[in-house]
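Q: Starting off with a structure, shown below.
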Amino acid sequence: MALQNSDIVVLVVFLLLIPLLFYKRKRQIGNPWEPGMSARVSINSHPLSCQICKCNYFYKREALIPTTFVSFFSLAFFNQSGSAYVCQSCGFIHWFSRPKETCVEPISERSREF
């Protein structure tokens, strides 16, 4: 069975979009921290502290923020990504859709004060 013109167009568009999608995803996530590294974080020049326990040390995680329209069509890849800062003490998650990290001070486990 021969491919029709519409099938060829869809295939070419799909093949051209793949590199753009990977570039978009990498640009959304940014530079990850080292696994297991906690740090003091400032967002837009304001120090971040936990809303629950007032701890100043966080782990950074990246996650997709689901939207109704994109989830309805099962295209989760097109969702916006966000940063989640997890409190090292109590585990409370602080979500930011587009954070501007202005300062990150990595802390070793031995030098951290409780």
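Q: Check segment 52-59 and report whether any residue there is at pLDDT below 85, under 20 Å from VAL104 (Cβ atoms) and surrounded by fewer than 16 Cβ atoms within 10 Å (Cβ to Cβ).
A: no
Q: Tell me, which residue of segment 96-107 that is within 13 Å of the chain's Cα centre (by Cα) and surrounded by 12 or more Cβ atoms within 10 Å (Cβ to Cβ) is modelled with the highest pLDDT?
A: Result: PHE96.
The values are calculated or read from the model by the stated rules, or taken from the named source; none is laboratory data. Since the structure is predicted, the reported quantities are computational estimates derived from the model, not experimental observations. Note that we place each Cβ from the backbone using ideal geometry, even for glycine, and neighbour counts take in every protein chain shown.
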